[in-house]
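The values are calculated or read from the model by the stated rules, or taken from the named source; none is laboratory data. Small disclaimer: the values here were computed from a predicted structure and weren't measured. Cβ placement follows ideal geometry from the backbone for every residue including glycine, while neighbour counts extend to all protein chains displayed. Accessible surface areas use protein heavy atoms only, side chains included; no ligands, DNA or RNA. Shrake-Rupley method; radii C 1.70, N 1.55, O 1.52, S 1.80 Å.
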Amino acid sequence: MCGIVGYVGKRSCTDVLMNALSKLEYRGYDSAGIAVFENGKIRVEKSKGRLADLADKMEKTGRPEGHAGIGHTRWATHGEPSDKNSHPHSGADVTLVHNGIIENYKKLREFLINQGNTFTSETDTEVVAKLISYYYKGDPVEAIIAATKELQGSYALGIVFKDYVDTVFAVRCESPLIVGIGKDESYIASDVPAILNYTKDYYLLEPGEIAVLNPYGAKIYDHHYQCIEKELKTADWDMDAAEKQGYEHFMLKEIHEQPTAIKTTIMPRISDGLPNLEECGITYDKLLRYNKVFVVACGTAMHAGVVGKYVIEKLARVPVTVDIASEFRYRDPLVGEGDLVIIISQSGETADSLAALRLSKDRGADTLAIVNAKGSSIAREADMLIYTHAGPEIAVASTKAYMVQIAVMYLLAFEIALAKKVIDEDEGKRLIKELEAVPDVIQKILEEKPDTQFAASKLINTDSLLYIGRGLDYALSMEGSLKLKEISYIHSESYAAGELKHGTISLISDSMPVIAVVTQPDLALKTVSNIKEVKARGAYVILVCSDNIQVDEEAYDYKLTVPAVDSLLMPMTAVVPLQLIAYYTSVLRGNDVDKPRNLAKSVTVE
Ligand code: F6R
């Protein structure tokens, strides 16, 4: 989604803004722009396309020279990607950049037109610029407070006022924003990696707070215009974590970071060979109270929830419902006291997941967040919190975040099963040992480099394919299929293998490859029968299976094996070849692997 940056200090503002924006490219965008104070006046440069297009444009017009300004990468919501819809947008006294969506912008636009304003773009953002200008009587903070009272929806704003040279203002509601503090300089950013090159110290702006940055530092006010003291936080990510470090793409680097990410996530939650989640606010007493568990999330995070469902139900015998957050929030769910709602989110800012969390809390359910981004809204608002420690995930396609999300779901499943005494301590210890062994198995898979490139080469010219599996293999197929389609742009679906005969098998022909996942020994024979059915109808079959399962050679065309671990844990190892197949298919098709078209890393609007 959109990215915001801002700078005040001694450096070249244009250099800082362009560098900081480049660190936010992973969020997905279709245009970019900056506004810089040059010789006491605000100069705006913006362009449809990539940052490189903006840089090219400025080569012709001359790069703005100054020491304070704001910048933006836009992911179009209101109005197509174009120069005129790109941010920054201006009112009479104000120029600003915006993340989020203003829901009542049409009404405000009409009001402002009646006041004599004319609009140059189709965006909701221009409405905000003109509204703040409308309220501006000489005091920027007062104008921001008055205007934001009228806004409905979500926003983070970086603002400059023409009368306040070399000063940057910021305010947020829902959409995240941080204020970075360096020596004699300050920054705003929608995401920590934007400013890691310059500083690790930052304030997290709370909804309604207003930041005023000038060359002497930053002041923060609440929405009553009272100056407030805030805790300065320090990012525990370093720049290395946000760089490619020799890998061709972030996605490949992040796939290789999975063994470490699992260890960093699970080890602090294990003591005496058993899970220990007390520090996260999770105790046996609490777990015993829940009769029902909901897992609510979007996309890949939701797929981690599906793995969690299979494992919690199988081990702990507690019913689990997995919901897509955008459905859950509007379906009047039967959730309330005595229920546990688990929200899984890498970014911790996904609008629908955040809304589902709030709805669950309002209805009296206990909420548990499994989140990667520290200090994010979902992390702050949930009753209980387990941070995953994947570090920054830059590639839009999630890999290591999914891996640690499922690692946490295993810990949780073991803990619930122990609390309910469905398994005893010996079994708990055995399962933890198996889980602790997984990172080394994944490391081995990565070192041995399964020939996923060959599998990918068989897919690059296809229009459509199916992923099939049963049980946990079906849960995993969902993620394999999403990974492939989002970065290769090839249509694919995941199907429960036993469901094929009920309609979908009619699609099978020699132009419809099938990726079959077989890692569950107790279901293998059943799935293999289904594989033979698609093979008999002409499908090219790529089999991904564990090395303890024998499958007749005539059932498949190409086989990728992964070492067997406990069958419950197989999604952790078997997902690796699926991630690599998606990665190489995207590479071979010449796509932008890390920044697939139309997608955004953090979906902060509905
Ligand atoms: C796909 C992917 C998305 C996210 C989804 C939820 O690779 O990354 O499907 O999983 O947008 O995002 P978070 O986890 O930030 O809530």
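Annotations for the structure displayed:
- Label point at Phe119 placed 7 Å out along Cα→Cβ; residues across the range 61-99 whose backbone nitrogen lies under 14 Å: 77-80, 85-86, 89-91
- Under 24 Å from Lys429, Cα to Cα: lysines that are on another chain or at least 8 residues apart: Lys263, Lys286, Lys309, Lys314, Lys420, Lys421, Lys444
- Only protein heavy atoms count here; under a 1.4 Å probe, His223 has an accessible surface of about 100 Å².
- Cβ-derived FRET efficiency at R0 35 Å, Ala52 paired with Asp163, nearest 0.05: 0.55
- Charge dipole (the range 95-205, unit charges on Cβ, about Cα centre) - positive-most of Phe111, Ile159, Thr148: Phe111
- Amide H partners (placed H, <5 Å) of Arg43, local residues excluded: Val36, Phe37, Glu38
- Whole-Hz Karplus values for the range 134-142 come out as 4, 8, 6, 10, x, 10, x, 5, 4 Hz, taken residue by residue from phi with 6.51 cos²θ - 1.76 cosθ + 1.60 and θ = phi - 60°; glycine and proline positions read x.
- Accessible surface calculations at 1.4 Å, restricted to protein heavy atoms, place the chain at 38 Å² per residue.
- Distant-in-sequence amide contacts of Gly348, defined by a placed amide H-H separation under 5 Å and a gap of 5 or more residues or a different chain, comprise Asn372, Ala373.
- Whole-angstrom gap from the range 49-98 to the range 162-193, using each part's C-alpha centre: 17 Å
- Set of lysines with alpha-carbon distance to Lys200 below 24 Å, sequence-local pairs under 8 removed: Lys10, Lys23, Lys183, Lys219, Lys230, Lys233, Lys244, Lys253, Lys374, Lys400, Lys601
- Under-5 Å amide H pairs with Val562, H placed in peptide plane, nonlocal only: Cys545, Ser546, Asp547
- For the range 68-221, size of Cβ-based charge dipole, Lys and Arg +1, Asp and Glu -1, in debye: 100 debye
- Most positive-pole-ward Cα, Met267, Leu315, Ile255, against dipole of the chain from beta carbon charges: Ile255
- Within the range 40-69, backbone nitrogen closer than 16 Å to the virtual label 7 Å beyond the Cα of Asp15 toward Cβ: 63-69
- Whole-percent carbon and sulfur share, accessible surface of the range 441-566, 1.4 Å: 47 percent
- For Lys106, the accessible area of its heavy atoms, probed at 1.4 Å with every protein chain present, is near 140 square angstrom.
- Percent carbon-and-sulfur accessible area, the range 181-234, ignoring ligands, DNA and RNA, probe 1.4 Å: 47 percent
- Heavy-atom accessible surface of Asp56, to the nearest 10 Å², is about 80 Å², with a 1.4 Å probe and all protein chains retained.
- Karplus-derived HN-Hα couplings along the range 490-505 (A = 6.51, B = -1.76, C = 1.60, θ = phi - 60°), whole Hz, x at Gly and Pro: 9, 5, 8, 9, 9, 9, 5, 3, x, 8, 3, 5, 8, x, 5, 4
- Ranking of Glu254, Glu25, Glu553 by solvent-accessible surface, largest first: Glu553, Glu25, Glu254 (1.4 Å probe, protein heavy atoms only, all chains present).
- For the range 453-483 versus the range 358-407, the inter-centroid distance based on Cα atoms is 26 Å.
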